[in-house]
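These notes concern the structure reproduced below.
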Amino acid sequence: VDQGVAIPPSGLIADGDAIRTRMSERQRRYDARLDELFEICLGVDRDGNPVLYGSDHSADDQENGAAQDDADDADDADNAGGRNNNQSNHGNSRNELKQNQTLPLPTATNPSIAKTILGGLAKHSTDLWLLYIRKQTRDAIRTAAAETKIPVPPPGYVPGAMTQTSVIHSQYEESLRLAYRERREKMREKVTRAYEVALEHGAGFAMNNHLIWKRYANFVKSWTGTAGGVGDITAESVNYAAIIASDPDLASNPPPLPPVDPTFEHTSAQKQLNQLRFIYQRGVTHPMTGLDQFWQEYEAFERAHSESLASVLIAEWLPKYQHARSVYLERNRVWTIHELRGGRLAVPPVGCETGV
């Protein structure tokens with residue numbers, strides 16, 4: 001599994017209050033600024049919603065931004081919000097642009113509105129999408145730690161004991177199990193959403209798209225703990241003492257180790273099966289570097305679960321994989337990834353007359 005793909009065990013036992021207290025005002029400003037840069041470059045906000053002008057999602061932001069940054073021109077501020085005041089169809093037309101896209105010049109050049117008009121200029125950059133996913137992973141850890149507190153153990157509680165000595169300890173262990181289960185689910189949901197947003201908005205077929213597909217698959221593989229991720233954090237699989245020692249806040253008040261949760265592990269394994277199949281079946285239809293290996297991984301994945309079902313699914317997806325492979329080989333005859341500079345704007349060929 002790639003380094004940094006799985007959510008680390010230290011994120012599962014993180015202290016939300018300590019994280020919030022440690023963050024300085026400057027760090028909070030930088031964090032907000034980073035979200036703003038992603039909006040401009042990738043065209044999505046921190047929740048994965050589009051920020052382009054005309055979507056219902058950005059209506060309130062545009063109206064508030066125009067009123068704040070251009071308070072001296074009330075008419076223009078009203079126009080910025082008036083064109084997007086149809087909230088009745090919020091759920092159905094989030095991504096639909098309005099027919100009337102004309103804006104007064106002062107409003108269009110307002111920083112808040114200009115950001116939404118120019119948003120998404122670098123959707124082709126796989127590196128930016130990987131940074132976006134990395135930040136969403138960090139935010140998922142912080143959010144889960146802040147929203148789901150780890151209950152304080154009662155006196156006499158022994159972590160990791162096969163059977164607890166009292167009803168109180170048994171009840172506490174069940175509440176502890178539920179707390180860690182909720183943290184895992186929140187983190188997985190947010191990171192999965194980040195990968196899906198990246199694939200939906202262009203990373204799935206951009207240059208170096210294999211990095212996104214493979215890291216997404218490896219992230220889902222970590223759910224069952226084979227890579228030391230949040231699926232399996234036990235004293236045997238994780239150096240718990242080292243994690244505590246590396247964090248002064250945890251060392252001063254170490255949290256109890258997550259108890260064994262076979263029910264959640266079974267549910268995670270089923271979700272992992274469905275999600276991996278969903279990823280592989282989409283990924284093999286995209287021309288990309290390492291497509292043959294990706295197909296072989298999918299074949300091995302299906303055969304490991306059911307040979308009869310594998311034969312049906314492989315026969316169904318083989319033509320799509322072969323088509324994607326043919327497209328990839330045809331592209332390589334024209335250009336290679338080392339020759340094409342994907343981060344630069346297209347310009348006329350050398351020797352081409354201007355205007356032709």
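The values are calculated or read from the model by the stated rules, or taken from the named source; none is laboratory data. The model shown is predicted, which means the values in this text are computed figures rather than measured ones. Cβ atoms come from the backbone with ideal geometry, glycine included; neighbour counts cover every protein chain shown. Surface accessibility is based on the protein's heavy atoms, side chains included, excluding ligands, DNA and RNA. Shrake-Rupley method; radii C 1.70, N 1.55, O 1.52, S 1.80 Å.
Among 176-185, 19-28, how do they line up from the highest to the lowest mean number of other beta-carbon atoms within 10 Å?
On the way: 176-185: 19.0, 19-28: 10.5.
Ranking, from highest mean packing down: 176-185, 19-28.
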Which three lengths, in whole Å and largest first, does the stretch 287-339 cover when its Cα atoms are put on their principal axes? 43, 17, 8
Can you pull the percent of Cα pairs in the stretch 149-216 with separation above 13 Å? 71 percent
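Averaged over every viewing direction, what's the projected area of the C-alpha convex hull for the stretch 14-54? Give it in nm², one decimal, please.
Values: hull surface 15.0 nm².
Averaged projected hull area, Cα only: 3.8 nm².
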For CYS352, solvent-accessible area (1.4 Å; no DNA, RNA or ligand), Å²: 60 Å²
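Would you mind getting the accessible area per residue of the stretch 120-199, heavy atoms of the protein chains only, 1.4 Å probe, in Å²? The partial results should precede the final answer.
Values: 3990 Å² over 80 residues.
Spelled out: the 1.4 Å probe surface of the stretch 120-199, per residue, equals 50 Å².
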Starting from the Cα of GLU200, step 7 Å along the direction of its Cβ; do the same at ALA304; then give the gap between the two resulting points in nm. 2.9 nm
Carbon plus sulfur, as percent of the 1.4 Å-probe accessible area of the stretch 156-217, comes to 58 percent
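Averaging the inverse of every distinct alpha carbon separation and then flipping it gives the Kirkwood radius. What is it for the stretch 250-316, in angstrom units? Please list the in-between numbers first.
Values: mean 1/r = 0.0690 Å⁻¹.
Result for the stretch 250-316 stands at 14.5 Å.
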Placing +1 at every Lys and Arg Cβ and -1 at every Asp and Glu Cβ, with all other atoms neutral, what dipole size does the stretch 126-225 have around its Cα centre, in debye to the nearest 20? 240 debye
Sequence order, the stretch 256-261: Karplus ³J(HN,Hα) from phi using 6.51 cos²θ - 1.76 cosθ + 1.60, θ = phi - 60°, Hz rounded, Gly and Pro as x, gives x, 5, x, x, 5, 9
